[in-house]
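Peer 1: Before anything else, here's the structure in question.
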Amino acid sequence: MSLDLAKQLREGTRKSHTMAENTGFVSCFLKGVVDKETYKNLLVDLHIVYSAMEEEIDKLSAQRHPLITPISFNELNRRNSLEKDLAFFCGEDWQSLVKPSPSANAYAQRIRQLAKTSPELLIGHHYTRYIGDLSGGQILKRIAQKAMNLSDGYGLSFYEFDAIPDEKVFKNKYSQTLNALPLDQEKADLIIDEANYAFKCNMDMFKELEGNLIAAIGKVLFGFLTRTKRSGST
């Protein structure tokens, strides 16, 4: 009998998802307040996280890991898209000009540690980041494009999944893949716990970004924009 891991992950991370949406940075983003400098810092942080994720997933997939190989969908990969966006915002020599935050470094370190000690727990991180990006990508793209006055196709590659023509079909395929993984409930529980930890890692990054955003828009406006809490979208 299937454990329905996809449903367990969705329901088991519901609270964390809502908490992430209510961080100051995300609240402002969803309301159309996106400072370009802060956004660049977000891209830098995401780049080190996705670099770690995709490098480790690729290694494990090449080793035919029974739980990781099935979810290594190359069409989800974001590293190249992030590098394209960073080149747009910072120039071709962006790597010498920017550095990730301590929280992003800690997040990437967590991913690399798990790859060595408990590879199956990477499923929690994979689900949290990629399915979240795919689900909200188009909405966030429109918000960022309008807020930063960007021309279509420039600086927004992170949100574009060109190799996935039908989001709904792919997400169904991803869920079926999760549900077919050969694992027991004990392991599933650990994966759900790690998915919640992945949300914490993301919230740590968002918290650091808030400092930059407050400097850009001021404490009063930041306080006004973050006063109301969202009930969550999951």
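Peer 1: In percent, how large is the relative contact order of the stretch 63-167, given Cα pairs closer than 8 Å and 6 or more residues apart?
Peer 2: On the way: 56 pairs, mean separation 43.8, N = 105.
It rounds to 42 percent for the stretch 63-167.
Peer 1: Net charge around S72, counting only other residues with Cβ within less than 11 Å of its Cβ (Lys, Arg = +1; Asp, Glu = -1)? Don't skip to the answer; put the middle values down first.
Peer 2: Details: positive: K59, R64; negative: E54, E56, D58, E75.
Local charge sum for S72: -2.
Peer 1: To test your reading of the geometry: what angle, between 0 and 90 degrees and rounded to tens, separates the Cα axis of helix 132-147 from the longest principal axis of the chain?
Peer 2: The angle comes out near 10 degrees.
Peer 1: What FRET efficiency comes out for the pair M148/F224, r = Cβ-Cβ distance, R0 = 22 Å, nearest 0.05?
Peer 2: Details: r = 21 Å, r/R0 = 0.94.
Efficiency, from the Cβ-Cβ distance: 0.60.
Peer 1: Return one whole number: the accessible area per residue of the chain in Å², for a 1.4 Å probe. Display every interim value, and only then the final one.
Peer 2: Numbers: 11730 Å² over 234 residues.
Accessible area per residue: 50 Å².
Peer 1: Heavy atoms only, probe 1.4 angstrom, no DNA, RNA or ligands counted: give me V98, V34, V169, V49 ranked by accessible area, highest first.
Peer 2: On the way: V98 45, V34 20, V169 90, V49 0 Å².
So the residues, ranked largest to smallest area, are V169, V98, V34, V49.
Peer 1: Additional query: Excluding ligands and nucleic acids, what accessible area in Å² is computed for R10 using a 1.4 Å probe, to the nearest 10?
Peer 2: Probe radius 1.4 Å; accessible area of R10 about 110 Å².
Peer 1: Round to the nearest 0.05 the FRET efficiency obtained for K15 and Q138 when R0 = 25 Å and r is the Cβ-Cβ distance. Don't skip to the end; give the middle numbers.
Peer 2: Numbers: r = 25 Å, r/R0 = 1.00.
That gives a FRET efficiency of 0.50.
Peer 1: Need one number for the chain: average projected area of the convex hull over its C-alpha atoms, nm².
Peer 2: Values: hull surface 50.4 nm².
If I average the Cα hull's projected area over directions, I get 12.6 nm².
Peer 1: Taking the chain as the reference, fit the longest principal axis to its C-alpha atoms, fit the long axis of helix 167-179 to the helix C-alpha atoms, and give the angle between the two in degrees, 0 to 90, nearest 10.
Peer 2: Long axis of 167-179 versus the principal axis of the chain: about 40 degrees.
Peer 1: Dipole magnitude of the stretch 1-124 about its Cα centre, charges +1 at Lys/Arg Cβ and -1 at Asp/Glu Cβ only, in debye to the nearest 20?
Peer 2: Working: 16 positive and 16 negative charges, 72 e Å.
Result for the stretch 1-124 is approximately 340 debye, rounded to the nearest 20.
Peer 1: Ok, one more. In whole Hz, what ³J(HN,Hα) sequence does the stretch 110-126 give by Karplus (6.51, -1.76, 1.60; θ = phi - 60°), x for Gly and Pro?
Peer 2: 4, 4, 5, 5, 4, 4, 8, 9, 9, x, 4, 6, 4, 4, x, 6, 4
Peer 1: Based on the alpha-carbon gyration tensor of the stretch 135-176 and its eigenvalue square roots a ≥ b ≥ c, which shape applies: rounded if a/c is under 1.5, prolate if not and a/b is larger than b/c, or oblate?
Peer 2: Values: a/c = 4.00, a/b = 2.44, b/c = 1.64.
Note, shape of the stretch 135-176 comes out prolate.
The values are calculated or read from the model by the stated rules, or taken from the named source; none is laboratory data. Being a predicted model, the structure only gives us computed values, none of them experimental. FYI the Cβ positions are ideal-geometry reconstructions off the backbone, even for glycines, and counts take in every protein chain you see. These area figures cover heavy atoms from the full protein model, side chains too; ligands, DNA and RNA do not enter into them. Shrake-Rupley method; radii C 1.70, N 1.55, O 1.52, S 1.80 Å.
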